[in-house]
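The structure appears below as structure tokens.
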Amino acid sequence: MDLTSIPLMAALKKRMQWLHANQTALSQNIANADTPGYKSQELEKQDFSGLVDDLSSPGAKKMRAAPANGMRANRAGHMGPGGGAADDISVKEAKGREESPTGNTVVLEEEMLKVADNQMQYGMVVNLYKKNMGLLKMAMGKGSGR
């Protein structure tokens, strides 16, 4: 049984992938906090409330278009041209940030708060995933759901 055929489980998986990519962007920002001219990066916000609706619509399993460099990822497990998962996660420059005299826009304290928030959200999604797996096991008569 493919768990990603269940819209809620697929939405949780996509959320975990987004949170992982967000952690990567935050880590890059922290690592480059003292790099002159580095511009802080952030991910496009993910509308988690609409993920289940998007995944349960008839056109949700469409093949991804080929990027400009000719590489194509036509399955969710394929890697994208940048080396990451082939999802619709895009990184952009964080706008509206104060720039230091060296041209760096990373505020270390803000990035650390974002990392803590990202970690809490990831833990919540993992717990939701575990609870749903427990419910599925219980429904199939293979466990107590814990």
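No value in this document is a laboratory result; all are computed from the given coordinates. Here the structure is a predicted model, which is why all the values come from computation and not from measurement. When we count neighbours, we look across all protein chains shown, and the Cβ atoms used for this are built from the backbone with ideal geometry, even at glycine.
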Seminar exercise, completed: Plugging the Cβ-Cβ distance of T24 and E99 into 1/(1 + (r/R0)^6) at R0 = 22 Å yields, to the nearest 0.05, a FRET efficiency of 0.45
Seminar exercise, completed: Net charge (Lys, Arg +1; Asp, Glu -1) of residues whose beta-carbon lies under 11 Å from that of S27, S27 excluded, is 0
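Using 0.36 nm times the number of residues separating A33 and V91, minus their current alpha carbon distance, what extension gain do you get?
Working it through step by step, the gained length comes to 19.1 nm.
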